[in-house]
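Report on the structure given below.
The values are calculated or read from the model by the stated rules, or taken from the named source; none is laboratory data. Given the structure is predicted, the values throughout are model-derived calculations rather than measurements. Cβ sites come from the backbone with ideal geometry, for glycine too, and all protein chains shown count toward neighbours.
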Number of protein chains: 2
Amino acid sequence: MSQTRRPPIVGRYMQEEVALASRNCGMPLEALRYDVTPAGLHYLLVHFDIPPADAAQWRLAIGGLVDRPRSLSLDEIRALPAKTLRVTLECAGNGRGQMSPRYPSMPWMEEGVSTAEWKGTPLAGLLAAAGVRHGAREMVFRGTDRGFDRGTEHDYARSLSVAEAMRPDVLVVYAMNGQPLLPQHGAPLRLVVPGWYGMASVKWLANIDAVAEPFGGIQQLASYHFRAQASDAGIPCSHMRVNSLMTPPGIPDFFTRRRLVQAGPVGLAGRAWSGGGVQVARVELSVDGAWRDAKLDPVAGPWAWRGWSFGWEALPGEHVLSCRATDANGAVQPTEPLPDVGGFGNNSTQSVAVSVRA
Amino acid sequence: MSQTRRPPIVGRYMQEEVALASRNCGMPLEALRYDVTPAGLHYLLVHFDIPPADAAQWRLAIGGLVDRPRSLSLDEIRALPAKTLRVTLECAGNGRGQMSPRYPSMPWMEEGVSTAEWKGTPLAGLLAAAGVRHGAREMVFRGTDRGFDRGTEHDYARSLSVAEAMRPDVLVVYAMNGQPLLPQHGAPLRLVVPGWYGMASVKWLANIDAVAEPFGGIQQLASYHFRAQASDAGIPCSHMRVNSLMTPPGIPDFFTRRRLVQAGPVGLAGRAWSGGGVQVARVELSVDGAWRDAKLDPVAGPWAWRGWSFGWEALPGEHVLSCRATDANGAVQPTEPLPDVGGFGNNSTQSVAVSVRA
């Protein structure tokens, strides 16, 4: 049915990569102008198909090593204490398409990131009501989306340690930007794990199980690991790495997306973020290689990207603009991607080529 | 700033094509299950950037060869007689990515089609109020999205003959699926031209001008023409060609999208459509080359796709499924794409490879 391992590729892109790019929307970079990404512009990574879902019949089952196994309807979940959080999510594979060699998968250039207002009930409350037993080590989250990856058939599933799952800002979510979840974003119910790459925020959430052993599902053990070489055991992807993007200035060419800017003062702006609740401490902008500090907007909450701006006096000619963020831990974006077999965690600095006309 | 002509390409895809595919969402084929495509799953073709737009300040100017030039606010347009239509739109370049050789542009495989409920006011009423003069030959529609294509800087603009523009179902639209237009679909105002390929439905509509001569804009004269050879004058793209798609059955492999289906009865279903208000008269389905009639759903209005279904008794092994529509004019989908330099109008039959397990 499918290959178990896909060899790395260089140069032009496979038809499978293009088909994935057409299915899985990126956020067009001009949408960086929005504090909260509007409906339908939020990036999307759907591993299999968007499953059919009947909200009226939906049940969330909580079981495994719990004292009181439960099965909740959507109405029952909506009646629980609600919390709304502004959360930036980024695909762990964002930037994969710019790496060389690259892993054949979703070929994000840099547009696999967005921010939404997610409303739901804290997972911790659901788990407290179910009574997670002492011997439980992880919580496993399972969606209804099913398919094959690397030769293995499975429902999409991921786990968190019990401690991580009990964080007060991990939500079981039923609304996005003030509307019921859209089908492609996990309707009627999904997990949102702030501070983590998107793969942890399981969509179409149907089952939560407390387990005594580390979860061995393919999306947990095989995929979503940082590996410099294929033989490495690897480090699991978790918190987002520090990253930043700018809104490309001026106007584009349709095909090359190259930009044309009028000489004179140009307001550059963008967003920067990091993972694990660590704030962005600094954003720098370079014009043709000289880095200068950008102006940071106020912090927009513990989990959301931070706006920045930079006044550029554009001189006629060809220029390359880059932005680079540093977080409160001192982590800074690299100029080149770190080698990674699966194409994960590419937070190297964005470059935007610009022609300035007099 | 940009090439004036892009040479055809074969085989693997350019990075520019992948970047366009990530920006311009396709409709995932499983969304064929919805009569009306939900927000954010409607396909998108944005030539330049999604422009910033302030609905409160927006003006639609109607001028040129009219007796009473006008400039209307959004509130003034919303106060006019309203009409809601269910309209299937397809990108004229849908299927381009499967052609060989192909034109380097948005590399749609087959997902550049969707259906929405568009609400607006008939353009004919606006034009009657403005008083289009006798010498006017075409109406030119201009958006606020600006950029380069083939070396030429321009606002996106298209024209219709005065007769076509006066059709009662051509709408100036401010809502989609019961919500205000989303930024990426032309907020706050756009044109919707039912029966035509999507390029006619100008987004971010700011100006309408009556003109005495055929409009010579690049999107009207250079792009969006059927041309068997580059030297051909070409035939302008207008009405959509007859076409159909099926929801791929079973479950997919993440990367190849190849399908696995359980042996036994399988309900196949999909949608078919044609252009110019011509209805779909027949849909056939083939399993490994033998065509049989599918069952047609009732017509869903003059401008919307038509559902179809087919009961398949799946036998273990490898199979190829295809669907083929015929419209009321007798036009039928070809098995292979018609040669087209720009990759327009590829309505060749879809093929879905399926593994059936016992």
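A few points about this structure:
- Verdict on residue A:78 being touching a strand residue (DSSP E or B) at 6+ places or on another chain (Cβ under 7 Å) and within 14 Å of another protein chain (Cβ to nearest Cβ): no
- For residue A:341, the stated conditions hold: it is in the same structural domain as residue A:259 (by TED's automatic domain parsing), aliphatic (A, V, I, L, M) and touching a residue at least 40 places away in the same chain (Cβ under 8 Å).
- Some residue of region A:293-309 being modelled with pLDDT of 95 or more, buried (at least 17 other Cβ atoms within 10 Å of the Cβ) and more than 20 Å from residue A:115 (Cα to Cα): yes
- Checked against (1) aromatic (Phe, Trp, Tyr); (2) out of contact with any Leu (no Cβ under 8 Å at 6 or more places or on another chain); (3) away from every other protein chain (no Cβ under 14 Å), residue A:58 passes all but a single condition, namely (2).
- Taking residues in region B:153-168 that are among the aliphatic types (A, V, I, L, M), and partners anywhere that are part of a helix (DSSP H, G or I), the pairs with Cβ atoms closer than 7 Å and at least 6 places apart or on different chains are B:157/B:219; B:160/B:200; B:165/B:123; B:165/B:127; B:166/B:124; B:166/B:127.
- Taken together, A:290, A:294, A:272, A:281 contain a single residue that is over 27 Å from residue B:154 (Cβ atoms) and under 19 Å from the mean Cα position of the chain (by Cα), which is A:272.
- Residue B:279 being in the same structural domain as residue B:353 (by TED's automatic domain parsing) and among the polar types (S, T, N, Q): yes
- The test for being touching a residue at least 12 places away in the same chain (Cβ under 8 Å), touching a helix residue (DSSP H, G or I) at 6+ places or on another chain (Cβ under 7 Å) and either within 14 Å of chain B (Cβ to nearest Cβ) or within 27 Å of residue A:114 (Cβ to Cβ) (or both) does not hold for residue A:35.
- None of A:137, A:150 is farther than 21 Å from residue A:11 by Cβ and modelled with pLDDT under 95 except A:150.
- On inspection, residue B:324 passes the criterion of being crowded, with 20+ Cβ neighbours inside 10 Å and in contact (Cβ under 8 Å) with a residue 40 or more places away in the chain.
- Residue within region B:187-210 that is among the aromatic types (Phe, Trp, Tyr) and more than 18 Å from the chain's Cα centre (by Cα) present: no
Yes/no matrix, rows are residues, columns are (1) of a type outside the set (Lys, Arg); (2) in contact with a Lys or Arg (Cβ under 8 Å, 6 or more places away or on another chain); (3) closer than 24 Å to residue B:260 by Cβ:
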site: A:116; (1), (2), (3): yes, yes, no
site: A:147; (1), (2), (3): yes, no, yes
site: A:163; (1), (2), (3): yes, no, no
site: A:171; (1), (2), (3): yes, yes, no
site: A:186; (1), (2), (3): yes, yes, yes
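- Unmet requirement for residue A:87, which otherwise passes all of (1) at the interface with chain B (Cβ under 9 Å from one of its Cβ atoms); (2) under 27 Å from residue A:238 (Cα atoms): (1)
- You will find that of A:138, A:111, A:76, the residue that is of a type in the set (Asp, Glu) and in contact with a Gly (Cβ under 8 Å, 6 or more places away or on another chain) is A:111 and no other.
- Qualifying residue in region B:310-322 (condition: among the β-branched types (Val, Ile, Thr), within 19 Å of the chain's Cα centre (by Cα) and modelled with pLDDT of 95 or more): no
- Test result for residue B:145, of a type in the set (D, E, K, R), assigned to a strand (DSSP E or B) and in contact (Cβ under 8 Å) with a residue 60 or more places away in the chain: yes
- Spans of strands (runs of 3 or more DSSP E) in region A:155-264 with at least 2 residues farther than 29 Å from residue B:179 by Cα, aliphatic (A, V, I, L, M) and within 14 Å of another protein chain (Cβ to nearest Cβ): A:243-246, A:259-262
- Just one of the listed residues (A:125, A:131, A:143, A:120) is at pLDDT 95 or above, touching a Lys or Arg at 6+ places or on another chain (Cβ under 8 Å), closer than 21 Å to residue A:59 by Cα and surrounded by fewer than 18 Cβ atoms within 10 Å (Cβ to Cβ), and it is A:131.
- Residue match in region B:234-255 (condition: surrounded by fewer than 23 Cβ atoms within 10 Å (Cβ to Cβ), without any contact (Cβ under 8 Å) to a residue 12 or more places away in the chain and in contact with a helix residue (DSSP H, G or I) (Cβ under 8 Å, 6 or more places away or on another chain)): yes
- Qualifying residue in region A:48-55 (condition: more than 10 Å from chain B (Cβ to nearest Cβ) and touching a helix residue (DSSP H, G or I) at 6+ places or on another chain (Cβ under 8 Å)): yes
- Some residue of region A:349-358 being among the basic types (Lys, Arg), in a strand (DSSP E or B) and farther than 17 Å from residue A:32 by Cβ: yes
- Residue count for region B:4-23 under the criterion of being more than 16 Å from residue B:102 (Cβ to Cβ) and more than 7 Å from chain A (Cβ to nearest Cβ): the result is 1.
- Meets criteria (surrounded by fewer than 23 Cβ atoms within 10 Å (Cβ to Cβ) and of a type outside the set (Val, Ile, Thr)) for residue B:212: yes
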